[in-house]
Amino acid sequence: MIMVQYGYIDNGGYLVAQEIKEYTEQYRDEGNVIKDRTVTVEEQIDSYVQNGYKPVDPIDEDKLENCDENYVFHLKPYDAGDHIAYEYVKLFDVQKFKGEINNLKKALSGNDYKITKCMEAKLLDLPLPYDIQAVHAENQIMRDRINEIEDFISLNVE
């Protein structure tokens, strides 16, 4: 099936687009008999062009897949005169690293109960239920990683 995309850039700078594909419609002929006819893409394009729509370039999937590990592409559509094209803006993937920080903070919070249990046991002169040195070392590794990620983000975000 043939399909194309036509669109325009609105006042806010956003792409407004419509996929145009052929479809079947029913109509009545002179004898009032219901018949089917195919409305082609070419037949539809004229009405879109009359309303200011232009052909939209397809997204280049190869460019999107060939991005560095810590980056993402932001597609920025622009009016290239006779068509709508995309600028592929490479951005540092801050969300990826913020997600890792959030996971580490959850893991740290998950260890809080171990520290609380150890404090209770110590106050009651009972044996510690967890190896507090190991808990502290694990927490410190997570804190160090959080600091490392935050430094990495600050170096890469403009």
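The values are calculated or read from the model by the stated rules, or taken from the named source; none is laboratory data. This one's a predicted model, so the numbers in the text were calculated from it and none came from an experiment. We place every Cβ from the backbone using ideal geometry, glycine too, and count neighbours over all the protein chains shown.
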Looking across region 97-121 at residues that are surrounded by 14 or more Cβ atoms within 10 Å (Cβ to Cβ) and more than 14 Å from Asn139 (Cβ to Cβ), the single one that is nearest to the chain's Cα centre (by Cα) is Phe97
Members of region 83-96 that are exposed (fewer than 15 other Cβ atoms within 10 Å of the Cβ) and β-branched (Val, Ile, Thr):
Val89, Val94
Could you figure out which of (1) in the same structural domain as Glu150 (by TED's automatic domain parsing); (2) in contact with a helix residue (DSSP H, G or I) (Cβ under 6 Å, 6 or more places away or on another chain) isn't true of Lys98?
(2)
Among residues of region 87-96, those that are more than 14 Å from the chain's Cα centre (by Cα) and closer than 17 Å to Phe152 by Cα, counted
0
With the requirement that a residue be touching a Lys or Arg at 6+ places or on another chain (Cβ under 7 Å), surrounded by 11 or more Cβ atoms within 10 Å (Cβ to Cβ) and in a strand (DSSP E or B), what does region 31-78 give you?
Tyr71, Phe73
